[in-house]
1. Check the stretch 84-96 and report whether any residue there is buried (at least 16 other Cβ atoms within 10 Å of the Cβ) and at positive phi.
2. Would you mind finding the one in 69, 60 that is closer than 25 Å to residue 262 by Cα and part of a loop (DSSP other than H, G, I, E, B)?
3. If you take the residues of the stretch 310-330 that are touching a strand residue (DSSP E or B) at 6+ places or on another chain (Cβ under 6 Å) and assigned to a helix (DSSP H, G or I), which of them is surrounded by the most Cβ atoms within 10 Å (Cβ to Cβ)?
4. Determine which member of the set 359, 307 is in contact (Cβ under 8 Å) with a residue 40 or more places away in the chain, closer than 15 Å to residue 170 by Cα and buried (at least 19 other Cβ atoms within 10 Å of the Cβ).
5. Looking at residue 295, is it touching a helix residue (DSSP H, G or I) at 6+ places or on another chain (Cβ under 6 Å), more than 20 Å from residue 355 (Cα to Cα) and not assigned by TED's automatic domain parsing to the domain that holds residue 204?
6. If you check 9, 102, 27, 113, which single one turns out to be at pLDDT below 95 and surrounded by 12 or more Cβ atoms within 10 Å (Cβ to Cβ)?
7. Do the conditions hold for residue 50, that is, is it at pLDDT 95 or above and in contact with a helix residue (DSSP H, G or I) (Cβ under 8 Å, 6 or more places away or on another chain)?
């Protein structure tokens, strides 16, 4: 009989709901992945570099051409220079980067501030490294941060604050004012900011992504995580990257090298060339805003409460006018009986807070969205 090292850590809600969707042949709007193809040009570039023989280990930090392109892109968008040699590392997706960053800096007894609802990989990584998550709830229904609560939650043991904007699961975004308050709170401390910015290019309604890279006093204490999977519709390739000042990156790489060592070589070369097509990421927000707007138009006659997402490719829908069921119960029934899978937002809280909302992914073809909306509007 095995005595589990982590008895409280179960299977991800994404895996649970996707499995349920498959079992009941439901339309899967639960897990965050596109059901359409990525660019044929990008596929051809991967094929090109495979055939050219770029099929062995890449450098642990990632190939230099890709790191140089990331440095150029980051400086152009956020006016922040990162040294491609010492301050940029290519990772096996955002989740690996997050785990490596938390492992590199969180010690036994350290406290890490986590904003809930929180993406489900943060807390397990904190706990696995002996840290203690300090939970702060974002204010429903717009998922704002109460910075007075943040200030009161900081102690001598606070090692890290985890940010996520655009925010999964809520679709909220943090403002420049939010980051100015964070700067004020952390000035003079040794607190590290872990900024999950994997949806940085998916932001709507004319807003601009406020990366911590834009704020010099935050950037000097921050580790930024981003994802090519989200940007290029290739979540299965597990390609991401990490930006950090050289002192922080040195520690990050100590963990990274033993978690994954190196990342897929031909795909790195392909992306380094594909990044020259700037419109592919600069127009991504408009691409997904069109999908968001279409999905919400299809649902306009439904009983769901709709507050349009500000970023990511997720939309929360309130169901308080439909049923009083707990969100996990309703999500399961919706999958089995109606044929549409979603994610119960209570799964992103450690105490399973109920706000009667479900998360739906709209990174789908119009046909998929139409079929899902046709079912949902009958509720």
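The values are calculated or read from the model by the stated rules, or taken from the named source; none is laboratory data. Because the structure is a prediction, the values reported are computed rather than measured. Here the Cβ positions follow ideal geometry from the backbone for every residue, glycine too, while neighbour counts run over all protein chains shown.
1. Yes, the stretch 84-96 contains a residue that is buried (at least 16 other Cβ atoms within 10 Å of the Cβ) and at positive phi.
2. Unique residue meeting the criteria: 60.
3. Looking at the filtered set, the residue picked out is 327.
4. The match here is 359.
5. When the stated conditions are applied, residue 295 passes them.
6. Only one candidate qualifies: 9.
7. Considered against the rule, which asks whether it is at pLDDT 95 or above and in contact with a helix residue (DSSP H, G or I) (Cβ under 8 Å, 6 or more places away or on another chain), residue 50 comes out as yes.
Here is a yes/no grid of residues against (1) in the same structural domain as residue 91 (by TED's automatic domain parsing); (2) touching a strand residue (DSSP E or B) at 6+ places or on another chain (Cβ under 9 Å); (3) over 30 Å from residue 294 (Cα atoms):
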| residue | (1), (2), (3) |
| --- | --- |
| 176 | yes, no, no |
| 179 | yes, yes, yes |
| 184 | yes, no, yes |
| 194 | yes, yes, yes |
| 197 | yes, yes, no |
| 200 | yes, yes, no |
| 210 | yes, no, no |
